[in-house]
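Just below is one structure, and these are the notes that go with it.
Derivation of every value follows stated rules applied to the coordinates shown; laboratory data play no part. Computed from a predicted structure; not experimentally measured. Heads up, the Cβs are rebuilt from the backbone with ideal geometry, glycines too, and the neighbour counts pull from every protein chain shown.
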Amino acid sequence: MELSEGTLKIINTASIEDALMALTKEAPGQVVFSTSFSWEDQLISHFIFSNNIPINVFTLDTGRMFPETYSTWSSTLERYKKPITAYYPDALALQEYIVEKGPNGFYESVENRKQCCHIRKVEPLKRALAGKKIWVTGIRAEHSANRDHMPQVEWDEVNQVIKFHPLLHWTTEQVKDYIRKENIPYNPLHDKGFVSIGCAPCTRAVRPGEDFRAGRWWWEDSTKKECGLHIHAPETNNS
């Protein structure tokens with residue numbers, strides 16, 4: 001699937017609200033947004049819910065999230081009175097992993113950690129995206145060095161969907177200012193130095209001067225630490 005020239009023009013020139021609405025007209029019932037209740041995701045949820053844009057909002061509940069994240073989830077439901085669909089890990093796969101590796105086996109090797117991420121995030125995501133055409137995300141370029149040249153609209157070969165990153169070029173301050181202005185509920189861990197918030201055992205606050213991703217899987221040496229949700233295939237085409 002490729003977006004029409006008209007939709008691409010709206011994405012490049014109009015507001016985020018108009019861009020999201022244009023996508024729903026391009027692919028009715030086939031546009032989804034994944035939220036982890038981060039700053040960025042709360043902002044996008046606000047755009048969707050406040051404007052009654054027909055985009056299904058979903059989250060991946062890994063079972064190891066912070067209490068603050070669940071509180072943010074509840075606050076969002078209370079504020080907007082809109083549904084958020086939850087996807088969970090396959091129970092048998094998770095059970096087998098924990099029996100074999102233990103509840104904290106992801107600390108023992110990168111391979112174990114990636115297997116845990118696959119069970120808790122990647123496989124549920126595939127179910128969430130099955131049959132969909134457009135996936136809206138909260139990715140921003142500041143989040144990771146390898147996202148500096150990422151296009152705002154791209155083809156995800158792995159999941160066979162078009163991805164749209166409406167906040168790709170927003171700065172952290174722009175996001176925070178908008179949240180304050182609109183009084184949007186957000187995860188209080190952000191005020192404690194947490195930038196990228198994932199599972200509780202795998203996330204810590206970022207120290208002054210550290211990279212945005214330093215708080216994720218901090219015990220690993222790799223400079224490119226990802227959970228597998230936004231990994232690109234060797235060849236990708238922009239739509």
Completion exercise
On each of the three principal axes the extent of the alpha-carbon atoms of region 151-219, given in whole Å and largest first, is 36, 36, 22
Completion exercise
Rounded to the angstrom and largest first, Cα extents along the principal axes for region 123-178 equal 35, 23, 18
Fill in the blank from the handout: Partner lysines whose C-alpha sits under 26 Å from that of residue 192, ignoring same-chain residues fewer than 8 away, are 121, 176, 181, 224, 225
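What length, rounded to one decimal in nm, is gained on full extension from residue 212 through to residue 17, with 0.36 nm per residue of separation minus their alpha-carbon distance?
Working: separation 195, 0.36 × 195 = 70.20 nm, distance 2.72 nm.
Gain in length upon complete extension: 67.5 nm.
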Problem - Spin-label model distance (nm) - residue 157 vs residue 70, 7 Å beyond Cα toward Cβ - result: 4.0
Problem - Residue-wise HN-Hα coupling along region 185-195, computed from phi with Karplus coefficients 6.51, -1.76, 1.60 (Hz; x: Gly, Pro) - result: x, 9, 5, x, 5, 4, 7, 10, x, 7, 9
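Give the dimensionless ratio obtained when the Cα radius of gyration of region 43-149 is divided by 2.2 N^0.38 Å.
Working: Rg = 16.2 Å, N = 107, 2.2 N^0.38 = 13.0 Å.
That ratio works out to 1.24.
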Exercise for the section: Please give the helix 172-182 orientation as an angle from the longest Cα principal axis of the chain, in degrees from 0 to 90, rounded to the nearest 10. Expected result: 70
Problem - Additional length obtainable on full extension of the chain from residue 109 to residue 181, 0.36 nm per residue less Cα span - result: 21.6 nm
Exercise for the section: For residue 79 and residue 2, compute 0.36 nm times the residue count separating them, minus their Cα-Cα distance, and round to one decimal in nm. Expected result: 24.2 nm
Handout entry: For the chain, calculated [θ]222 nm from helices alone, where every DSSP H run of n ≥ 4 adds -39500 (n - 2.57)
Key = -10500 deg cm²/dmol
Handout entry: Which of 86, 11, 134, positive extreme of dipole for region 5-192 (C-beta unit charges)
Key = 86
